[in-house]
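In what follows, a structure is listed as structure tokens, so that the remarks can point back to it.
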Amino acid sequence: MSELPQLDPVIHAQARLRVTVALAGLHAGDQITFPRLQQLLDMTAGNLSTHLRKLEDAEYVEITKAHEHRTPVTLVRLTARGRTAFESYTKTLHRLLDATGGD
Amino acid sequence: MDDEPMSAEESLNLIAQQNRRMRRELGGGPARMLAAWALAWIVGWGFTYVAVQPGVAIPGWVGGVLTGVLFVAAIVYTGYVGARAGRGIRGPSKTVGAMYGYSWALSSMGLSVIDIRISNFGSLSSAQVSLLWSGSWLLLTGVLYLAGGMLWQDKLMYGLGAWMIVSAALSVLVGFPANFLVLAGCGGGGFLLAAIVYFVREKTGRC
């Protein structure tokens, strides 16, 4: 049996996987505000911040602070690198399932 | 909880689950929007068809008023669902969505002016005026759905547009008052069919 492929540890954690899926679900080039992302994920602000920082450190996610009508907004988007990482992550998942028979 | 190791299967399930959530929340529920329009067209135009039949003791304007009220309700509902789905999203898709919405408003106003002006010349019989309105509005609806289909690369939406254009031609060919039947049956029926297809897709998770 060939060696099992490794899953990207940045994405392969429940919370960060859901964050990544949510961001990958946006159209390329679109950004989402922090509160809306929080609502789509049912996460606390603190929890989401922590995971976003880890994704940002890996350069999978880009976080921009902007002002709209003098109100500060935090905008989040998946980088091209993040999108590629997520695609290869799902490919690896399918390969793993095939390798283990996927009963 | 977060640090618990996930199997590949659990991971894929989680992806599918979050994707369903995203589709439901960001898709704006095309099924619900189209169902609202199906209701407005079928009830409004269906009622108008009945009202214009000889021997029916309903004044002709009642059908028009009812259809108008149902259309305003459908516009408000569609705007609300669309705005709710798009909140917190910034970027190209938001701009495209807004431009598409404005296209409906602009072209509807333009067509209203043209149709009202031609109707007011008084040279057309009321039956011919009725055909002018049903034909031109079905055509405009069709063209805008063609545009939507192109924008979002949605073949179903494009197909709905093509169907509306066929209905536009049919409505002027069958003449008054059967044109109202075409509006209710083919127009409203087209919306209903599309709503059902989107609804089934949402449930089965196909995008």
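The values are calculated or read from the model by the stated rules, or taken from the named source; none is laboratory data. Owing to the predicted nature of the structure, the values given are computational and were not obtained by experimental measurement. Here Cβ is always computed from backbone atoms with ideal geometry, including for glycine, and neighbour counts include all displayed protein chains. For the accessible areas, the whole protein counts, side chains as well, though only heavy atoms, and no ligand, DNA or RNA atoms are used. Shrake-Rupley method; radii C 1.70, N 1.55, O 1.52, S 1.80 Å.
Screening B:ILE15 against (1) surrounded by fewer than 19 Cβ atoms within 10 Å (Cβ to Cβ); (2) touching a helix residue (DSSP H, G or I) at 6+ places or on another chain (Cβ under 6 Å); (3) within 14 Å of another protein chain (Cβ to nearest Cβ) leaves a single unmet condition, (1). Taking the stated definitions as given, is B:GLY97 touching a helix residue (DSSP H, G or I) at 6+ places or on another chain (Cβ under 9 Å) and within 14 Å of chain A (Cβ to nearest Cβ)? For B:GLY97, the condition - touching a helix residue (DSSP H, G or I) at 6+ places or on another chain (Cβ under 9 Å) and within 14 Å of chain A (Cβ to nearest Cβ) - is met.
Looking at B:ARG84, B:ARG117, which one is within 14 Å of chain A (Cβ to nearest Cβ), without any contact (Cβ under 8 Å) to a residue 60 or more places away in the chain and open to solvent by 30 Å² or more (accessible area, probe 1.4 Å)? When all the criteria are applied, what remains is B:ARG84. Out of all the residues in segment B:127-138, is one or more within 19 Å of B:LEU192 (Cα to Cα), open to solvent by less than 60 Å² (accessible area, probe 1.4 Å) and touching a residue at least 24 places away in the same chain (Cβ under 8 Å)? Yes, some residue in segment B:127-138 is within 19 Å of B:LEU192 (Cα to Cα), open to solvent by less than 60 Å² (accessible area, probe 1.4 Å) and touching a residue at least 24 places away in the same chain (Cβ under 8 Å). Whenever a residue of segment B:175-197 is part of a loop (DSSP other than H, G, I, E, B) and buried (at least 22 other Cβ atoms within 10 Å of the Cβ), it has no partner that is modelled with pLDDT under 95 and among the charged types (D, E, K, R) lying with C-beta atoms less than 9 angstrom away and at least six residues away or across chains. Scanning segment B:33-69 for residues that are in contact with a helix residue (DSSP H, G or I) (Cβ under 6 Å, 6 or more places away or on another chain) and under 19 Å from B:TYR145 (Cβ atoms) yields a total of 11. Kindly evaluate A:ARG53 against the criterion of being modelled with pLDDT of 95 or more, out of contact with any Cys (no Cβ under 6 Å at 6 or more places or on another chain), charged (D, E, K, R) and in a strand (DSSP E or B). The answer is no for A:ARG53.
Going residue by residue through segment A:18-41, is there one that turns out to be open to solvent by less than 60 Å² (accessible area, probe 1.4 Å) and more than 10 Å from every other protein chain (Cβ to nearest Cβ)?
Here is the first cut: in segment A:18-41, the residues open to solvent by less than 60 Å² (accessible area, probe 1.4 Å) are A:18-26, A:29-34, A:36-41.
Still in the running and more than 10 Å from every other protein chain (Cβ to nearest Cβ): none.
No - not one qualifying residue is present in segment A:18-41.
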